[in-house]
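Have a look at the structure below, then the notes.
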Amino acid sequence: MSNRTPMQASRMASQMPRGPAAQPRVVVAIPVRNEEAYIVPCLRALDAQAGAAPDRIVLLLNCCTDRTASNVRRLAPELSTAVDIIERNLRGSQATAGFARSLAMRYAADPLADHDVLMTTDADAIVAPNWIAANLAALNNGADAVCGRAMLNPRDAHLIPAHLHEDDARERRLASLLDEIASVLDPDPFDPWPRHCEDSGASISVSVLAWRRAGGIPCVPCGEDRAFITKLRNIDLRVRHEPDAFVTVSGRTQGRASGGMADTIRRRLIQQDEFTDASLEPATDRYRRLLLRNAARRLWVDRRASIDALMEAFELPPRAFRAALGAPFFGQAWAMLERASPVLGARRVRFIELEHEIEAAVRLRAQAFGLLERQSGDHELVTA
């Protein structure tokens, strides 16, 4: 196997042709289902962007039985942005938010060139006045895709009981601590701190070339946003979690997507979930995972280095370990290692454990910064 220098690996890790210098076209794709109360403010916010404007908005109206379509047609002549309306009645396994977003983005991307930009949000979202400009700035800085933040509409948030806000704040606190530890132990030059932890379909932008390389949004019933970001990472495309790109979304409890935010709010209004968000794990597990990922990344870059110590840390036989390191992208290599290694099995965090895990994460964050200060040259594998 050939050896790669760190500089060569950095180039390979997300080597995407940047396209011609011409200004990219920006198209926003939105899946819509019975959104008569939200679609007009959604479109007005997109049409009133400061600094950069969309060239086109593509709406996939799926099984709409209310006045959504008529509201859009009545508003469209008032907008400076062209609006395409595609009406479908998706049935069976296709009647999901994930499939609808995938289809909307496919329609939007069809006439675009590789250097153009595809964005998506939700029909109940109000994008910030600089949403498009913030996304384009991150793409111009080298990202292939940009994830923005989704915040609850303050009016709706006021109607949600305090204990749900407290639970959400603690989940976000742990997520932020774990992510800050990641920024130290396994830094990503294209997603530096400060950043956020959300992979939400309410705010995603991607170069059309990257979207095509990844094969588009996965056609899954829900969680298509996270699945798409995973696909991008698996082929080492550059994903930026941009704090300046944000939208506000409704806090309704009757949503349009099964398994979405509305379902979570409605369920937690009745009883607290046993487990926190699936993206969280115990702090010591995440610390170990990050150290192993950074060490595996270095070994994937430098194929001449000895694999013995790291192979033992992963508790993998030589054949499985070498097969993973032979993957053409580090993202694929890491996914293979996570699936195969018995020490990397994911554990969930229970809500009753949240405070303990936050305290542990605070200690491990200090340990991570201490490790960073002690490092001089070679990376030392330290287990939590």
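Tell me which of H356, C197, V343 sits at the most positive position along the dipole axis of the chain, charges placed on C-beta atoms (Lys, Arg +1; Asp, Glu -1). Of the options given, the answer is V343. Using only the alpha-carbon atoms, how far is helix 97-109 inclined from the longest principal axis of the chain? Give it as 0 to 90 degrees, nearest 10. That helix lies at roughly 80 degrees to the long axis. Over all orientations, segment 42-154 has a Cα convex hull whose mean projected area works out to 8.2 square nanometres.
Rounded to the nearest 10 degrees, the angle from helix 162-185 to the longest Cα principal axis of the chain is 50 degrees.
Note on segment 24-270: antiparallel DSSP beta bridges, both residues inside, total approximately 25 percent of the bridges counted. Rg/Rh for segment 24-107 stands at 0.97; both radii use Cα atoms, and Rh follows the Kirkwood definition. The relative contact order of the chain comes to 20 percent, based on Cα pairs under 8 Å that sit 6 or more residues apart. Entry note, the chain: the mean residue ellipticity at 222 nm calculated from DSSP H runs of n ≥ 4, each adding -39500 (n - 2.57), is -13500 deg cm²/dmol after division by the residues and rounding to the nearest 500.
Kindly provide log₁₀ I(q)/I(0) values, in the same order as q = 0.12 Å⁻¹, from the Debye equation applied to equal alpha-carbon scatterers of segment 281-374. Reported log10 I(q)/I(0), two decimals: -0.44. Against the chain, whose longest principal axis is taken from its Cα atoms, helix 354-374 shows a tilt of about 60°. If you run the Gaussian network model on the chain, springs between alpha carbon atoms under 10 Å, then out of L159, L291, L178 the most flexible one is L159.
Quick note on the chain: its Rg to Rh ratio, both from C-alpha atoms and Rh being the Kirkwood radius, is 0.98. Using Cβ point charges alone (K and R +1, D and E -1), the dipole size of the chain about the Cα centre works out to roughly 860 debye. Need one word for segment 163-233: rounded, prolate or oblate. Basis is the Cα gyration tensor (sqrt eigenvalues a ≥ b ≥ c); a/c below 1.5 gives rounded, then a/b vs b/c decides. Taking the square roots of the gyration eigenvalues as a ≥ b ≥ c, segment 163-233 is oblate.
Read-outs throughout are calculated quantities, based only on the coordinates presented, and are distinct from any laboratory measurement. Keep in mind the model is a prediction, meaning the values are calculated, not measured. Here Cβ is always computed from backbone atoms with ideal geometry, including for glycine, and neighbour counts include all displayed protein chains.
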